[in-house]
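The values are calculated or read from the model by the stated rules, or taken from the named source; none is laboratory data. From a predicted model like this one, the values you see are computed outputs, not experimental measurements. Cβ coordinates were reconstructed from backbone atoms using ideal geometry, including for glycine residues, and neighbour counts include every protein chain displayed. Protein only, heavy atoms only, side chains kept; ligands, DNA and RNA dropped before computing areas. Shrake-Rupley method; radii C 1.70, N 1.55, O 1.52, S 1.80 Å.
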2 protein chains.
Amino acid sequence: MNPSFLTSNGISFSLALGLGGLACAYVLIRQVLGSSAGNEKMAFIAKAVQEGAQAYLSRQMTAVAMIALPLAVGVYFIRGGAATAGFVIGAACSMLAGYIGMYVAVRANVRTAQAASVSSHAALKVAFNGGAVTGLLVVGLGLLSVAGFYAVMLKVTNGDTKAAIESLVGLALGSSLISVFARLGGGIYTKAADVGADLVGKIEQNLPEDDPRNPATIADNVGDNVGDCAGMAADVFETYAVSLIGGVLVGFLTVKDNAAALIYPFVLCGLSLIASVIGIAFVNFVKQKSATNALIGGVAVSGIISALLFKAVTGSMFGETLNVGGKVIPSSNLFWCAVVGLVLTVLVVWFTNYYTSTFHAPVRRIAKASETGHATNIIAGISVGHHSTVLPVLAIAGSIWCSYEWAGLYGISIAVVAMLSLSGIIISLDAFGPITDNAGGIAAMSGLPESVRKITDELDAVGNTMKAVTKGYAIASAGLAAMVLFGSYVEDLKASLPHLTSIPFDLSNPMVIIGMFIGGLLPYLFTAFSMDAVGSAAGAVVIEVRRQIKEKPGILTGADIPDYRQCVDIVTKAALSKMTVPALLPLIFVIGVAFMGKEALGGLLIGTIVTGLFVGIAMTSAGGAWDNAKKYVEEGNHGGKGSFAHQAAVTGDTVGDPYKDTSGPAVNPMIKVVNILAIVIIPIMVKYGFFH
Amino acid sequence: MNPSFLTSNGISFSLALGLGGLACAYVLIRQVLGSSAGNEKMAFIAKAVQEGAQAYLSRQMTAVAMIALPLAVGVYFIRGGAATAGFVIGAACSMLAGYIGMYVAVRANVRTAQAASVSSHAALKVAFNGGAVTGLLVVGLGLLSVAGFYAVMLKVTNGDTKAAIESLVGLALGSSLISVFARLGGGIYTKAADVGADLVGKIEQNLPEDDPRNPATIADNVGDNVGDCAGMAADVFETYAVSLIGGVLVGFLTVKDNAAALIYPFVLCGLSLIASVIGIAFVNFVKQKSATNALIGGVAVSGIISALLFKAVTGSMFGETLNVGGKVIPSSNLFWCAVVGLVLTVLVVWFTNYYTSTFHAPVRRIAKASETGHATNIIAGISVGHHSTVLPVLAIAGSIWCSYEWAGLYGISIAVVAMLSLSGIIISLDAFGPITDNAGGIAAMSGLPESVRKITDELDAVGNTMKAVTKGYAIASAGLAAMVLFGSYVEDLKASLPHLTSIPFDLSNPMVIIGMFIGGLLPYLFTAFSMDAVGSAAGAVVIEVRRQIKEKPGILTGADIPDYRQCVDIVTKAALSKMTVPALLPLIFVIGVAFMGKEALGGLLIGTIVTGLFVGIAMTSAGGAWDNAKKYVEEGNHGGKGSFAHQAAVTGDTVGDPYKDTSGPAVNPMIKVVNILAIVIIPIMVKYGFFH
């Protein structure tokens, strides 16, 4: 490969690979939809779930569009037409990624249930490929939209790189904003339904999970799709796009004499897409002893191939050395920064697995604490959550150190891009979880034989660990990506206020500290609102289910069919109405604090990143650990199902639900929306003299 | 009053007032000990509690001395003999404040029970005066030790102010370190006993609170004294002394041309001591309709008198203007900074009361959520904890803003001194809580008539709110005090590295960010360890109680007397062994990160303050809210005692126990120990070239 070739054709190269990714996704969709959808009863239930999910997502889109519209007008006034176009594209692609991912997931679920009546490996393949569609869609759409829009803008502006990159900031804001809504709306939906169904079904009426007599059970299954599939896809699309844009932006702001710096992030993403496709093929075609081995093997293959490809292009693109922020470094340093991103991925996955898997001490400690009751289970779980922040945060700190040493802020951005470039394969694992979960639900509700349920249960357990692990990955990458955005904020300020020789964000400046305190409370307020939303919506579900059972006692004996639609409706309304306030909090805080000056706003950004990282990790890990502690008890430990310890473990699992699936993960897009918004408003704040 | 008079005699003036405070405490001790101690059975139970508390505290002192000894040697090598003397004095006074406070409390409790058989007002007086002893002791000892040591050092060094102030830093470190141990050890003790007693007594055996048949009941009552009395007294002694020292240090470092700056903090503390004594007299002699009115009235009287006295001296001490950090400001600004401290106290008390009292929405929301079970109670409580951080943090941010605008870093330190100067009266309210709690326990165990228990229960409810409110005050003041210490760290660095024109702690410097991440995880790790300690020690109590009941079933019928001593012993050992690791964490982190440079260490300090403030407020408020939600249900709401909602509320209360009485409050001294230690090690890090 000719060095000048990749540097000058990197955009086209990544566009081609993005299209290739979408083509692979299309092949997988055909393959999934081509497998048998089972019998009539299964189709009936699957259809109910599909309709509920589709209906919710359409209403969510309408609701979000209503809010996005005035914001687009705001972006237009601050940043002009190009950025607004970017905003719309980012918002649309974020929604689209969620929508298509869910579309396939709600069809893959019933097919997985059917395949499970053939063999475990067949079921794994359908479920994994259903998830892989989302993975490929997210990265394909991400690469295509960012690279495509960038290429178009370069054309439109006759090669004005600065203008083209500035309009990318609009795209970043659009995707971030949508993903906050999608994460929150989906997260509130899924957990309100889940908690509500559990509280009244499992605890009051002693019904098993996914029992068709439970009026909330369809809502629960719909929730898996709109939260864990659509919400997650929008979230990762956003992190992917924002990291890529952050890399380009930082390359533009800090690497002055090497055009490759702007192209390198695109190339890394393109190469990783190839690696992800190979990883997906590995899972499909190389038979492994266990599902876990197959999935982890796929990630390992993708990671190693990515590293090799990165190695192959870095030197040829940059030549021997490059100048980063005034310092000359060997170009191989950039490769090592990319390796830092890959290693951080491995470390975070490993740490999260330690804190959330049934095979290690933390989860077992929670399970043991359940013996002495609900309260000790909760205390142990919260403590595990707090403990679980330590290693990932140290790993993130170490990554910042290495990559900054090697290549300054640009080095950190390359580490983030490399980390996120693995999204394709990682999301495949994550989306696999809700599909198998739903497959189990459909198997139970349609009365398939016990052996089918056993296979889906086993796959579901694997899916649970994968889900927890992916959340660790998502929050760690979000933290690192946010650091890059903060750096971009600082660099952009420098460029916008050229009369200032330096712009210190000094901790001795009380405005920085005040901003930091205010920023620090944002994740607290945000998670408080979202937990309240789950709590109150779940309460409404409980009341509705109690009402139905009271009015039609035949529901419990199977004589009457419950009115599933009512519960779906309640949760839909609750999710839509309760997502707005927390989703708008970042906007209000950023704009409010901006009037206190650039230093206060800078402090706010860091404050939000710092507490957000801890709150996010603590909540997602504790939630995952509680979930698996319950599973561990259900495996027959500490008294097993129905014991006193089991009741306590169910309480912990229920508390963990909004922790791990609503509040915790929604912190990721939130900390990025805060940082991007700060960058977006720089011009107007400078113009009117608030930043000076 | 002559201006030069107070400035030149301010130290003697405050020494005299400190002695006066101790004299008042002595009068109150005589008065409390002079009231009737009740009948023989009461004396027997009280004696068991006294012995347990005394025995624990003696062992804790020995254990802490063992750890303090090598640290004193370390201080000697880094800071020399004078600072080491300060270290020993600080450590000794912190222990002494805890010890005497507890000595009186364990004698006031039985006398309060006895007085309750006379009248509610008589009981209030004994309990309040028992608490006021601690309040006066804390401020008297604090003022006396700091001012006395400072005066002696000035004498010894022939008026070398710099050397004298530097040795005060040793005193600050000694008191902080001890109070971390006291808070942790006491906190683990009290909650392990409480949770253990509740889990097996209330939930398994259906015994009421403080039932003499519960083998853990004496340990539970001992815990109130070693945790809520001794631990709290050591903690507030530390905050008081450290704030005073911080004020003097900042005055020395930033106000160059006005000797009054060093004396003003002492004078403020002295004047507030007068105001506190008047407030205590108000509670004793001005009869009010309710106990709450009397107590809040006392605080109001103290606050207003303080403000008036501050107003009277400020102008006369400083003259018209003074030069703070190179900026000339009117001296009246300092008075307004002091007012900021008083107003912040009022605001924080108000906010905490809102989030933790049964009369407001948050607690009622938790109570209502209990209807749908344990999990929704917990979710609601955690959400209230997160919500409760918002207003106090905004108030703190506002206070920093105002006081910095008016008088720079010195202004913030004056606000903190003014806030803490009210400790005398505020601690009286706080210590009142455990005394009435114990009085109720003694009344129940010695079979006093129901009417007595009713009075102590009413007073106990008032005590609960006061306790929650004081914790808000403690953490807010700790946050602000820590900010002053961080400022001192920066100023001290500047003085120690005179060749540097400026020392930026810039957020764009990755070392600052890395330090901040590491600092941010300290409160998480610290609270994780302390919650684990409570959980595992409580588990040991549960097992012991189950064993006793199994071996001697007569315990439940009253035929056999349980072996109280065993439970006391278990909790004593657990508290002592489990306090060491978390208490040493701050030392390990500060010293470890110091080797990464002064910027990383600065980042660590701020990181710890930011997340510590949020973790501390969220935990103490959530704990208080859960406690009162249970009380609200027990008042007959949502089904009242014995209902499903009540069981859920008990779970919340139990989770809240370590939140509000172990982990949350221990964060206060921890964030200060981190900051002081950073100041202490500056010379050695500069000497060996790690700070350059």
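Here are a few things to note about the model shown:
- Filtered by the rule that a residue be more than 26 Å from B:Val133 (Cβ to Cβ) and among the polar types (S, T, N, Q), the range B:1-42 gives B:Asn2, B:Ser4, B:Thr7, B:Ser8, B:Asn9.
- Residues in the range B:275-297 that are modelled with pLDDT of 90 or more and open to solvent by less than 20 Å² (accessible area, probe 1.4 Å): B:Ala275, B:Ser276, B:Gly279, B:Ile280.
- One residue from A:Ala37, A:Ala65 being among the hydrophobic types (A, V, I, L, M, F, W, C) and modelled with pLDDT of 90 or more: A:Ala65
- Residue match in the range A:496-508 (condition: open to solvent by less than 10 Å² (accessible area, probe 1.4 Å) and under 30 Å from B:Val615 (Cβ atoms)): yes
- Some residue of the range B:397-418 being touching a helix residue (DSSP H, G or I) at 6+ places or on another chain (Cβ under 8 Å), on the phi > 0 side of the Ramachandran plot and in a helix (DSSP H, G or I): yes
- Residue that is least open to solvent (accessible area, probe 1.4 Å), among those in the range B:52-81 that are out of contact with any Ser or Thr (no Cβ under 7 Å at 6 or more places or on another chain) and among the hydroxyl-bearing types (Ser, Thr, Tyr): B:Ser58
- Of all residues in the range A:355-399, those that are of a type in the set (Ser, Thr, Tyr) and at the interface with another protein chain (Cβ under 8 Å from one of its Cβ atoms) total 4.
- Selection of the range B:539-555 for residues being of a type in the set (Gly, Ala, Ser) and surrounded by fewer than 16 Cβ atoms within 10 Å (Cβ to Cβ) yields only B:Gly554.
Residues checked against (1) within 14 Å of chain A (Cβ to nearest Cβ); (2) in a helix (DSSP H, G or I); (3) of a type in the set (A, V, I, L, M):
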position: B:Pro562; (1), (2), (3): no, no, no
position: B:Ala574; (1), (2), (3): no, yes, yes
position: B:Pro586; (1), (2), (3): no, yes, no
position: B:Phe589; (1), (2), (3): yes, yes, no
position: B:Glu599; (1), (2), (3): yes, yes, no
position: B:Leu604; (1), (2), (3): yes, yes, yes
position: B:Gly607; (1), (2), (3): yes, yes, no
position: B:Leu613; (1), (2), (3): yes, yes, yes
position: B:Met619; (1), (2), (3): yes, yes, yes
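- When B:Leu521, B:Leu525 are screened for being within 14 Å of chain A (Cβ to nearest Cβ), within 26 Å of A:Leu394 (Cα to Cα) and in contact with a His (Cβ under 8 Å, 6 or more places away or on another chain), only B:Leu525 passes.
- Looking across the range A:556-571, just one residue is more than 13 Å from A:Asn214 (Cα to Cα), touching a helix residue (DSSP H, G or I) at 6+ places or on another chain (Cβ under 6 Å) and either open to solvent by 10 Å² or more (accessible area, probe 1.4 Å) or among the small types (Gly, Ala, Ser) (or both), and that is A:Ile570.
- Residue satisfying condition, being of a type in the set (Gly, Ala, Ser) and under 20 Å from the mean Cα position of the chain (by Cα), within set A:Ala375, A:Ala395: A:Ala395
- Any chance A:Phe87 is more than 19 Å from the chain's Cα centre (by Cα) and either surrounded by 22 or more Cβ atoms within 10 Å (Cβ to Cβ) or closer than 30 Å to A:Asp457 by Cα (or both): yes
- Residues within the range A:154-193 that are open to solvent by 20 Å² or more (accessible area, probe 1.4 Å) and either of a type in the set (A, V, I, L, M, F, W, C) or part of a helix (DSSP H, G or I) (or both), tallied: 7
- Hits in the range A:572-584 (condition: more than 11 Å from A:Ile67 (Cβ to Cβ) and surrounded by fewer than 19 Cβ atoms within 10 Å (Cβ to Cβ)): A:Lys573, A:Ser577, A:Val581
- The set of residues in the range B:528-558 that are under 32 Å from the mean Cα position of the chain (by Cα) and either more than 12 Å from every other protein chain (Cβ to nearest Cβ) or basic (Lys, Arg) (or both) contains only B:Glu544.
- Of all residues in the range B:509-518, exactly one satisfies the criterion of being more than 8 Å from every other protein chain (Cβ to nearest Cβ) and open to solvent by less than 10 Å² (accessible area, probe 1.4 Å), namely B:Gly515.
- Residue within the range B:480-497 that is at the interface with another protein chain (Cβ under 9 Å from one of its Cβ atoms), aliphatic (A, V, I, L, M) and assigned to a loop (DSSP other than H, G, I, E, B) present: no
- Meets criteria (assigned to a helix (DSSP H, G or I), β-branched (Val, Ile, Thr) and modelled with pLDDT of 95 or more) for B:Val650: no
- A single entry from B:Ser243, B:Ser302 fulfils the requirement of being within 19 Å of the chain's Cα centre (by Cα) and closer than 22 Å to B:Trp336 by Cβ: B:Ser243.
- Condition check for A:Gly639: within 11 Å of another protein chain (Cβ to nearest Cβ) and farther than 23 Å from A:Lys467 by Cα: no
- Among (1) closer than 16 Å to B:Ile435 by Cα; (2) open to solvent by less than 40 Å² (accessible area, probe 1.4 Å), the one test that B:Gln114 misses: (2)
- Test result for B:Met466, out of contact with any Ser or Thr (no Cβ under 7 Å at 6 or more places or on another chain), in a helix (DSSP H, G or I) and more than 10 Å from every other protein chain (Cβ to nearest Cβ): yes
- From the list A:Leu493, A:Leu448, the one residue that fits, being modelled with pLDDT of 90 or more and of a type outside the set (Ser, Thr, Tyr), is A:Leu493.
- Residue list for the range B:250-261, filter: open to solvent by 10 Å² or more (accessible area, probe 1.4 Å) and out of contact with any strand residue (DSSP E or B) (no Cβ under 8 Å at 6 or more places or on another chain): B:Phe252, B:Leu253, B:Ala259
- The range B:211-223, residues that are touching a Ser or Thr at 6+ places or on another chain (Cβ under 7 Å) and open to solvent by 10 Å² or more (accessible area, probe 1.4 Å): B:Asp211
- Pairs with Cβ under 6 Å, 6+ apart, first in the range A:630-649 and over 20 Å from A:His360 (Cβ atoms), second of a type in the set (A, V, I, L, M): A:Gly639/A:Ala645; A:His646/A:Val633
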